[in-house]
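Here is the structure we will look at.
Just so you know, all these numbers are worked out from the coordinates, no wet-lab data involved. The structure presented is a predicted model; accordingly, all values stated were derived computationally and were not measured. Using ideal geometry, Cβ is built from the backbone for each residue, glycine included, and neighbour counts are taken over all protein chains shown.
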């Protein structure tokens, strides 16, 4: 008789423990779900953490969506980097973008094997006396002697690609070497791939929308001399901005490499007195008889969050009737490794939804609606959305948000706690990382502005 009651009592205790665990689990789920206790009236401005990257989608045969696009095998992608920025920027490309490229090369200022990936020293063909004696090559000589151990901590700051320096960091050893890489890199690329139709040159902080790029190249004739880039000028010399990426046809590669061989010494002399290697290259293209085609806004100099998608800011196009909003989007610049992966994941999903042989491509309007606006769903900490059209003092972020909502034209707002300055804007920008700044957007107004834009018609590539 004593055994049976003891068994029933044990079952009751276990049931009680199970019920308590279930209740605690439900309470934890409720407390940890920000959507459950959000007091924002729009429901689209709650704080959320950035999603953890997930593996990109594969086709049924296990191939990435980006790997089967027509024209890929005829194209070489050339990535230029440097020892001072290598570790921070390049590894993410090796796990993402280069998986889409049948043909690619990576150039730096130090030759090495990085996890089985060959990194080519772009400076090996520079005249021996320059490499051995020129002060610009001090870092190069140290790297040859000591490898990566030669790099000092201060040399890893303000590396090539830093958006704060539009004229370069001429006091940084990496910048001093960078200008010498361009023509030797072009020369070596043609030697490695002498029979490809197209050569696309980018930097380690550049992202190229591979599908849109290949659609663009399929509209051009590689037997003609093409040199396309985001137009820049120094002292009257027009050239393609290296960080935006630039496109060269097989014909143009042959012409500029022949010119490089014929005028090698004078080109090095010009490089010595100049600070921008992409300008040196542009001058060589011009002197070799290759015309330069302006390719803004297809190729961009900046981070996608800083592009003025809807405003009249920026450069004009060759035809004022053409709106940047409707142009295809091919490249962005000044991206850290996380943004490279985020854009790559986005593009793989976009390609997966479309047949690779159709004529579709991503326009800037598509990027704004499908990529930029989703990043505006929730306010962000340590993020500056570049609001700058209306400034005022407020006590806190919530008051700043209220001020923006009360202004029917306001689309976004930001608040810096230490100054108590609230900024608003009537034009949309996603912005980018900014310490101490909190930013928010009014999502339904963003959509209203985007939907009110005139429909794109037959605007295509340049």
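Could you give the distance between the Cα centres of the range 375-406 and the range 195-212, to the whole Å?
Cα centroid to Cα centroid, the span is 37 Å.
Starting from 0.36 nm per residue, how many nanometres of slack lie between residue 153 and residue 444 once their C-alpha separation is accounted for?
Separation in residues times 0.36 nm, less the Cα-Cα distance, equals 100.2 nm.
Which of rounded, prolate or oblate describes the range 190-236 when judged by the alpha-carbon gyration tensor and an a/c cut-off of 1.5?
Here the range 190-236 falls in the rounded category.
Suppose each label sits 7 Å from its Cα in the direction of the beta carbon; what would the residue 234-residue 266 distance come out to in nanometres?
Each label point lies 7 Å from its Cα, and together they span 1.9 nm.
Once you put a point 7 Å from the Cα of residue 402 and another 7 Å from the Cα of residue 95, both along the Cβ direction, what distance in nm separates them?
Simple spin-label model gives 4.4 nm for this pair.
What is the antiparallel percent of DSSP beta bridges lying wholly in the range 65-294, to the nearest 5?
Within the range 65-294, antiparallel bridges account for around 50 percent of the total.
Once you sort the root eigenvalues of the Cα gyration tensor of the range 195-308 as a ≥ b ≥ c, which label holds: rounded (a/c under 1.5), prolate (a/b larger than b/c) or oblate (the other case)? Kindly include the intermediate steps, with their values, before the conclusion.
Working: a/c = 2.10, a/b = 1.25, b/c = 1.68.
It comes out oblate by the Cα gyration axes.
Quick check on the exposure proxy: order 197, 423, 391 from fewest to most C-beta atoms within 10 angstrom.
391, 197, 423
Label the range 65-294 by shape, choosing from rounded, prolate and oblate, from the square roots a ≥ b ≥ c of the eigenvalues of the Cα gyration tensor; if a/c is under 1.5 it is rounded, and otherwise prolate applies when a/b is larger than b/c, oblate when it is not.
On the way: a/c = 1.63, a/b = 1.21, b/c = 1.35.
It is oblate, given that a/c is not under 1.5 and a/b is not larger than b/c.
Mind sorting 295, 406 by how few other Cβ atoms lie within 10 Å of their own Cβ, fewest first?
The order, fewest Cβ neighbours first, is 406, 295.
Using 7 Å Cα-to-Cβ label points, what is the residue 275/residue 73 separation (nm, one decimal)?
So the label points at residue 275 and residue 73 sit 4.6 nm apart.
Which FRET efficiency value, to the nearest 0.05, do you get for residue 457 and residue 132 by plugging their Cβ-Cβ distance into 1/(1 + (r/R0)^6) with R0 = 51 Å? Write out the running numbers ahead of the final one.
Working: r = 59 Å, r/R0 = 1.15.
After rounding, the FRET efficiency stands at 0.30.
Pull out the extension gain between residue 113 and residue 145, defined as 0.36 nm times the separation in residues minus the alpha carbon to alpha carbon distance; nm, one decimal. Intermediate results must be reported in sequence, preceding the final value.
Working: separation 32, 0.36 × 32 = 11.52 nm, distance 1.60 nm.
Full-extension gain reported as 9.9 nm.
Pairs of Cα atoms under 8 Å, at least six residues apart: use those to get the relative contact order of the range 65-294, whole percent.
Relative contact order, the range 65-294: 21 percent.
Most exposed first by the Cβ proxy, i.e. fewest other Cβ within 10 Å, how do 457, 189, 219 rank?
In order of increasing Cβ crowding within 10 Å: 457, 219, 189.
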